[in-house]
Amino acid sequence: IKKQQQDVLGFLEANKIEFEEKDIAANEENRKWMRENVPEDSRPASGNPLPPRLFNDSRYLGDYEAFFEARENNAVYAFLGLTAPPGSKVGVHISYSKP
């Protein structure tokens, strides 16, 4: 999980995309928010969704695998729901967990 989180954060920072991190390990409110905002069809068969999960405001974008696939296909801005050109500052946030 930590490597995936670092991968997402590193990409966002390198591309100057503003984001807000929400630590679900240390903050019960963030954990509750993430669980409530991950769509039913994107949750695991058992247990709770694991981070990292990406959102644009409260709109669920996907998990790390979806992010990775978008990055491999040079479609990260579309995945993030951003219309701004690369290099501009547009905000997104991710839910994560500190080990």
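At a glance:
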read-out: Strands (runs of 3 or more DSSP E) wholly inside segment 1-86 containing at least 2 residues that are at pLDDT below 95; value: 19-23
read-out: Segment 22-38 residues that are touching a residue at least 40 places away in the same chain (Cβ under 8 Å) and over 18 Å from Gly62 (Cβ atoms), paired with ones that are part of a loop (DSSP other than H, G, I, E, B) and open to solvent by 60 Å² or more (accessible area, probe 1.4 Å) (beta carbon under 7 Å, 6 or more apart); value: Asp23/Lys98; Ala25/Lys98; Ala26/Lys98
read-out: Looking only at segment 11-35, and only at residues there that are loosely packed, with under 13 Cβ neighbours inside 10 Å and under 27 Å from Ala75 (Cβ atoms), the one that is nearest to the chain's Cα centre (by Cα); value: Glu20
read-out: Subset of segment 36-59 that is polar (S, T, N, Q) and in contact with a strand residue (DSSP E or B) (Cβ under 9 Å, 6 or more places away or on another chain) - its residue that is farthest from Val76 (Cα to Cα); value: Asn37
read-out: Subset tally (residues that are over 23 Å from Glu18 (Cα atoms) and either surrounded by fewer than 16 Cβ atoms within 10 Å (Cβ to Cβ) or of a type in the set (S, T, N, Q) (or both)) for segment 36-64; value: 11
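Conditions (1) among the charged types (D, E, K, R); (2) in contact with a Gly (Cβ under 7 Å, 6 or more places away or on another chain), marked per residue:
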site	(1), (2)
Gln4	no, no
Lys16	yes, yes
Phe19	no, yes
Asn27	no, no
Pro39	no, no
Arg43	yes, no
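The values are calculated or read from the model by the stated rules, or taken from the named source; none is laboratory data. Bear in mind that the values here come from a model prediction, so they are computed numbers and not experimental data. Cβ atoms come from the backbone with ideal geometry, glycine included; neighbour counts cover every protein chain shown. These area figures cover heavy atoms from the full protein model, side chains too; ligands, DNA and RNA do not enter into them. Shrake-Rupley method; radii C 1.70, N 1.55, O 1.52, S 1.80 Å.
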